[in-house]
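The values are calculated or read from the model by the stated rules, or taken from the named source; none is laboratory data. Source: prediction; values computed, not measured. Cβ placement follows ideal geometry from the backbone for every residue including glycine, while neighbour counts extend to all protein chains displayed.
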Amino acid sequence: MKKRTLVLFAAAVTAIVMTGCSTVETTSGFNGLGVTERRSQPIAHINARVTGAFLFDIFPVFCGSVNNVDKVAAFVNTVSLENTMGLVSRQARGLGATKLVDITSYQNTYWMWYTLLLWKRQTQVSATAIK
């Protein structure tokens with residue numbers, strides 16, 4: 001009984017760990033403050049993240065889809081600064097923005113020791129969309 005429970009727990013943990021994700025979050029809550037010295041209208045602050053799991057830090061297993069946000073792409077490496085910036089740009093254009101300011105990016109890779117074989121990569125881009 002204990003062995004079966006342990007196997008089921010290990011399978012659940014593996015299923016959770018082996019997923020990729022991509023998200024885009026937007027807020028337009030500037031509390032009445034401007035975002036640049038020039039007269040411009042802030043539309044939204046956009047934060048996009050693409051995450052993936054890689055076998056031996058080389059082969060993509062599951063990564064966040066850049067074409068369909070909140071979906072998973074299997075065996076395709078979508079975790080890059082270019083793809084994540086593309087998510088931010090598409091979101092900004094969709095909101096009617098003409099420019100992006102205050103762009104920041106973050107990239108991280110680390111070994112998921114409890115899986116023994118997988119590494120997790122993440123790329124994140126944040127920007128403020130303006131008119």
Residue that is nearest to Thr123 (Cα to Cα), among those in the range 13-69 that are in a helix (DSSP H, G or I) and at pLDDT below 60: Val17
Within the range 86-114, count every residue that is touching a helix residue (DSSP H, G or I) at 6+ places or on another chain (Cβ under 8 Å) and either among the hydroxyl-bearing types (Ser, Thr, Tyr) or not in a strand (DSSP E or B) (or both). 3
If I filter the range 87-127 down to residues being among the β-branched types (Val, Ile, Thr) and within 17 Å of Phe62 (Cα to Cα), which single residue comes out as farthest from the chain's Cα centre (by Cα)? Thr115
Taking the range 94-108 and keeping only residues that are closer than 10 Å to Thr128 by Cβ and surrounded by 13 or more Cβ atoms within 10 Å (Cβ to Cβ), one is left with Ala97, Lys99, Leu100, Val101
If you scan the range 103-116, which residues turn out to be at pLDDT 90 or above and of a type in the set (A, V, I, L, M)? none
